[in-house]
Amino acid sequence: MKLTGQAIDGFLRKPDPKIRCVLVYGPDEGLVRERLEQLARTVVADPKDPFRITDLSGEDLRADPARLADEAAALTFGGGRRLVRLRQMTDQHASRLKAFVEAPVGEALVLVQGGDLTARSALRKLFEGASAAAALPCYADEGRSLETLVRATLAEARLAAAPEVIDYLVANLGGDRGVSRSELAKLVTYCGKATSVSLDDALACVGDSAQIGLDMLTNAVAEGDSATALRALDRLGQEGMATVALLRGLTRHFTRLHLVAGLIAAGTSLDQALAALKPPVMFKLAPRFRSQVQRWSAERLAQALDLLLDAEIDAKSSGLPERALVERLLLRLARGAKAASR
């Protein structure tokens, strides 16, 4: 079974008892870990209970193919349902999991942690096609889901925040759920006994080196500086930023440029169009953003957004090398920026 949208939230709150094996995968490693822990707690209150939890690796399955079935069917000391966790599974483990996933034994819930699997992944297809299994994707937080996380975290800390603060946090978080929670926790600590979060508080706390690298990348691409863009790509790769998160960062930047360019084409002044952006462009980056708006037309920005959408689809489904795919896109967009300025 393939889980999507609101079905994911319902399943996390109360997993279908007929589902015995769950694959949790995706580019957002923090969200993968969070959802695995959430599912584990529906079975065992203590995630370190040695009598009811067993952790297995790919090497364990290779050494003893029957180990998974044995652990899932074993009785627990003192009663209660067992939990079996499989860490860092890839497509090469699909054949060893196939017999169990298609005909599970015992009563244990089996949780499988996967990476950023494409639509062609053998592991995904196995779990999506089995009646007693489910595949649960974890993509980078964005839009409404990220805003919900921000508001819930601040509400729990009894901190009020103006709309521009929420907008800023949503725009500067989201690449990884674990990192987002860590950044928000840092913000809560920074505010101390205050009852509200100001935009200055958010600017002081939220934003890490990955965001700086992403800003470097997006601005370089929009200005036609392909050499700087490729250096920023190397930096983000070393920091582990997922390809989809990188592409969505570029898409957000070009969407904001397109919005301003569209307003100008409709007769709005540049200053008025820039003032309409929510969240506003940070003052340090405002001159560069203004220059980029003057460089690109609304039509060319729409074409750039089409290229970014196609690249994200390819990254998820084509099986092409992601580095080569992104490099080609960056160079093409940078060439477009140079052509737009002529």
Checking Gly58 against (1) modelled with pLDDT under 90; (2) within 27 Å of the chain's Cα centre (by Cα); (3) open to solvent by 20 Å² or more (accessible area, probe 1.4 Å), the condition it does not meet:
(3)
Checking Arg85 against (1) within 28 Å of the chain's Cα centre (by Cα); (2) in a helix (DSSP H, G or I); (3) of a type outside the set (Val, Ile, Thr), which test does it fail?
(2)
Which one of these is in contact (Cβ under 8 Å) with a residue 40 or more places away in the chain and over 30 Å from Ala204 (Cβ atoms): Leu305, Leu285?
Leu305
Pick from region 144-183, criterion charged (D, E, K, R) and at pLDDT below 80, ranking: least open to solvent (accessible area, probe 1.4 Å):
Asp176
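Being in contact with a helix residue (DSSP H, G or I) (Cβ under 9 Å, 6 or more places away or on another chain) and either farther than 26 Å from Leu31 by Cβ or not in a loop (DSSP other than H, G, I, E, B) (or both) narrows it down to one of Leu75, Leu68, Leu117, so name that one.
Details: Leu75 fails: in contact with a helix residue (DSSP H, G or I) (Cβ under 9 Å, 6 or more places away or on another chain); Leu117 fails: either farther than 26 Å from Leu31 by Cβ or not in a loop (DSSP other than H, G, I, E, B) (or both).
Checking each option against the conditions leaves just Leu68.
From Ala45, Ala66, which residue is among the hydrophobic types (A, V, I, L, M, F, W, C), over 19 Å from Gly115 (Cβ atoms) and modelled with pLDDT of 90 or more? Spell out how you get there, then give the answer.
Values: Ala45 fails: modelled with pLDDT of 90 or more.
From the options Ala45, Ala66, the qualifying one is Ala66.
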Test Glu29 against the criterion of being at pLDDT 90 or above, closer than 15 Å to Cys138 by Cα and within 26 Å of the chain's Cα centre (by Cα), and give yes or no.
no
Identity of the residue in region 285-342, open to solvent by 90 Å² or more (accessible area, probe 1.4 Å) and of a type in the set (S, T, N, Q), that ends up farthest from Thr228 (Cα to Cα):
Gln303
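The values are calculated or read from the model by the stated rules, or taken from the named source; none is laboratory data. Everything numeric in this text was worked out from a predicted model, so none of it was measured. Note that we place each Cβ from the backbone using ideal geometry, even for glycine, and neighbour counts take in every protein chain shown. Surface accessibility is based on the protein's heavy atoms, side chains included, excluding ligands, DNA and RNA. Shrake-Rupley method; radii C 1.70, N 1.55, O 1.52, S 1.80 Å.
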